[in-house]
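J.: Got a structure for you, questions after.
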Amino acid sequence: MDERVTLRSHLDRSALQTPLHGAALADVIKAIASASIELAGLIADGPFAGITGRHGGINSDGDQQRDIDVAADEMIRRALRGTPVAAVLSEEAALPETLRPSAPFCVAIDPLDGSANLDNNISVGTIFSIRPRGNDLLSTFFEPGTAQCAAGFIVYGPQTTLVLALNARVDVFMLDRHAQEFVQTRQAVQIARNMPEFAINASNHRHWHGPVRTYIDECLSGISGGGDADFNMRWIGSLVAEALRILVRGGVFLYPADARPSYREGRLRLLYEAHPMALIMEWAGGAASTGRRRILELAAKTPHQRVPLIMGSVHHVRDVTAIHDRIEPMFDNSDAPLFARRGLFL
Ligand code: FBP
C-alpha cells in the first residue's frame, strides 16, 4: 500500500466522474459504510455488548430473527434516513420502507447475511444494491439487475472488508480499526480466469438437478477422470466470504435450485444477494448466471424472490451454463443417465 486511499477519498473522486447525482450516490455509500463500522464493533463485542444470539421475531420470509439481525437492520435504516434514498428494501421486512420519495436512489439490503455463523465465529456480512429511483417508486425494485448503479458487501471476519462495485470497477477496502475508516487494499479487481476451485454445499448432492450434478461430478473426476483440471473445494456457508474468496483467488460458487420444495428457486434472494453479487462479479471480469439466464437480466416479481446463483470466473460459469444448454429444462430433474451424463466431456 503506497498511497493511502480512503473509501471517502475514493468516493469523492468517483462522484466527480458521475455528474448526475454522483455526490448523492457517494453519500449513500458512505452512510452504509459508517453503519457497517458500527456493526463491526457490535459483532466483535457480541455478548459483551448484550448480543445473545437468541431468537426474537420472524422476518419477511418466516425465518427466525436473532437479536443481532434486528440490531443490524436498525443501524442500516438509521444511517440511510439521513441520505438521498427514496426507499429501502431490507431482508428483515416484508415490504420496502419509503424514506424520501423524491430522492434519487433506492437501496435493497441484507443487513446481516448468515448470522447463524456467528455462533462459531465465522464471517458474516452486509450486502447492498443501489439503483436509481424510477418514476414509480416501488416498481424501481422490479427493474432488472442491470438497473443497479452500485453494489457492494462488507465481510465481518478476521478483518472488516468492504467490496465496492462503482463506475464499472470493483475495489476492496479494509477497515483501519484505529482510524475507524476504510482504506483501499485492492483496486480494479479482476477475477482470476482459471483457478480450479468450486464452492457448493455438497450435502445437497442427492437433491441437485442433472446439470449441476454433472458439472460437480466432472470437477471431482479431475484429470485422471478425463477432466482438464484437478479441482479443489471450499464451502464456508457464508455468501460474502465465498464472494470475497472468488474476487481474491478465483473459482466458482454455486447455490443451485434443487428438487426440495422450498429450494425450487434456489436459496439466495435476487434483490439483495444475487443482483449485487452479479454486478460485482461482472464488473470484476467474471460472470453470474442461474445456469440458464444471466442474473443481471432478471427482474424480481416479489421483494424476497429467490434465485439459483452460479458466479465466479467467466470460464467456469460458462462451463456450467454449457451443460445446462445441452439438457432441456424439462429434464433438469431427471436422474436418467442419458440426461444426467451429457456433460462437458462429450
Ligand atoms: P440467510 O439468508 O438465511 O442468512 O442464509 C444465507 C446463507 O447463510 C448464505 O450466506 C450462504 O451462502 C448460505 O446461506 C448457506 O446455506 P447452507 O446452510 O444451505 O449451506
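J.: Just want to confirm a number: the relative contact order over the range 206-269, from Cα pairs under 8 angstrom separated by 6+ residues, in percent.
T.: Working: 47 pairs, mean separation 18.2, N = 64.
Averaging sequence separation for qualifying contacts and normalising by length gives 28 percent for the range 206-269.
J.: Separate question: When only Cα pairs under 8 Å and 6 or more residues apart are kept, what is the percent relative contact order across the range 197-341?
T.: Relative contact order, the range 197-341: 29 percent.
J.: Using θ = phi - 60° and the Karplus curve 6.51 cos²θ - 1.76 cosθ + 1.60, what whole-Hz ³J(HN,Hα) does each residue of the range 76-90 get, with Gly and Pro shown as x?
T.: Running phi through 6.51 cos²θ - 1.76 cosθ + 1.60 with θ = phi - 60° gives 5, 4, 4, 5, 6, 4, x, 10, x, 10, 7, 7, 10, 10, 10 Hz.
J.: Here's another thing I want to ask about it. HN-Hα J couplings of the range 109-114 from phi, Karplus 6.51/-1.76/1.60, θ = phi - 60°, integer Hz, Gly and Pro as x?
T.: Working through the residues one at a time gives 8, 9, x, 8, 7, x Hz.
J.: From Cα pairs below 8 angstrom and at least 6 apart in sequence, can you work out the relative contact order of the chain, rounded to a whole percent?
T.: RCO, the chain: 15 percent.
J.: Also: Residues with amide H under 5 Å of Val124's amide H, sequence separation 5 or more or different chain, H placed in the peptide plane at 1.01 Å from N; which?
T.: Close amide H contacts, sequence-distant or interchain: Tyr156.
J.: In nm, to one decimal, how far is the Ala202 label point from the Asp136 one, both placed 7 Å along Cα→Cβ?
T.: Placing both labels 7 Å beyond Cα along the Cβ direction yields 4.7 nm.
J.: Sticking with this structure for a sec: Calculate how steeply helix 7-17 sits against the longest principal axis of the alpha-carbon atoms of the chain, using the helix alpha-carbon long axis, and give the answer as 0 to 90 degrees to the nearest 10.
T.: 90 degrees
J.: May I pose another question? Eigenvalues of the Cα gyration tensor times 5, then square-rooted: what semi-axes does that give for the range 197-341, in whole angstrom, largest first?
T.: Numbers: eigenvalues 95, 73, 36 Å².
Result for the range 197-341: semi-axes of 22, 19, 13 Å.
J.: Once label points are set 7 Å from the Cα along Cα→Cβ at both Ala188 and Ser102, what is their separation, rounded to one decimal in nm?
T.: Label-label distance for Ala188 and Ser102, simple model: 4.0 nm.
J.: For the range 206-216, take each phi angle, set θ = phi - 60°, evaluate the Karplus expression 6.51 cos²θ - 1.76 cosθ + 1.60, and give the result in whole Hz per residue in order, putting x for glycine and proline.
T.: For the range 206-216, the Karplus curve yields 5, 8, 5, 7, x, x, 5, 4, 5, 4, 5 Hz.
J.: With a 1.4 Å probe and all protein chains left in place, how much of the accessible area of the chain comes from carbon and sulfur atoms, in whole percent? Don't jump to the answer; show the numbers that get you there.
T.: Working: 7690 of 14990 Å².
Here carbon and sulfur together make up 51 percent of the probe-accessible area.
J.: Per residue, how much accessible surface does the chain expose to a 1.4 Å probe? Answer in Å², no decimals. Don't skip to the answer; put the middle values down first.
T.: On the way: 14990 Å² over 346 residues.
With all protein chains present, the chain gives 43 Å² per residue.
J.: Same structure, new question: Helix 22-45: angle to the longest alpha-carbon principal axis of the chain, degrees 0 to 90, nearest 10?
T.: Tilt relative to the chain: about 80 degrees.
J.: Measure out, as a whole number of angstrom, how far apart the alpha-carbon centroids of the range 217-265 and the range 64-105 sit.
T.: 32 Å
J.: What is the sum of charges, Lys and Arg at +1 and Asp and Glu at -1, for the other residues whose Cβ falls under 14 Å from the Cβ of Thr83?
T.: Values: positive: Lys30, Arg77, Arg78, Arg81, Arg100, Arg133; negative: Asp27, Glu97.
Here the count lands on +4.
J.: Assuming R0 = 22 Å, can you tell me the calculated FRET efficiency for the pair Trp235 and Gln64, based on Cβ-Cβ distance, to the nearest 0.05? Walk me through the numbers before you get to the answer.
T.: On the way: r = 23 Å, r/R0 = 1.02.
With R0 = 22 Å, the Cβ-Cβ based efficiency is 0.45.
J.: Next up: Per residue, how big is the convex hull of the chain when only Cα atoms are used? Give it in Å³.
T.: Hull volume normalised by residue count: 134 Å³.
The values are calculated or read from the model by the stated rules, or taken from the named source; none is laboratory data. Since the model is a prediction, treat every value here as computed from it, not as a measurement. Virtual Cβ from ideal backbone geometry, glycine too; neighbours counted across all protein chains shown. We work out accessible area using only protein heavy atoms, side chains counted, and drop any ligands, DNA or RNA first. Shrake-Rupley method; radii C 1.70, N 1.55, O 1.52, S 1.80 Å.
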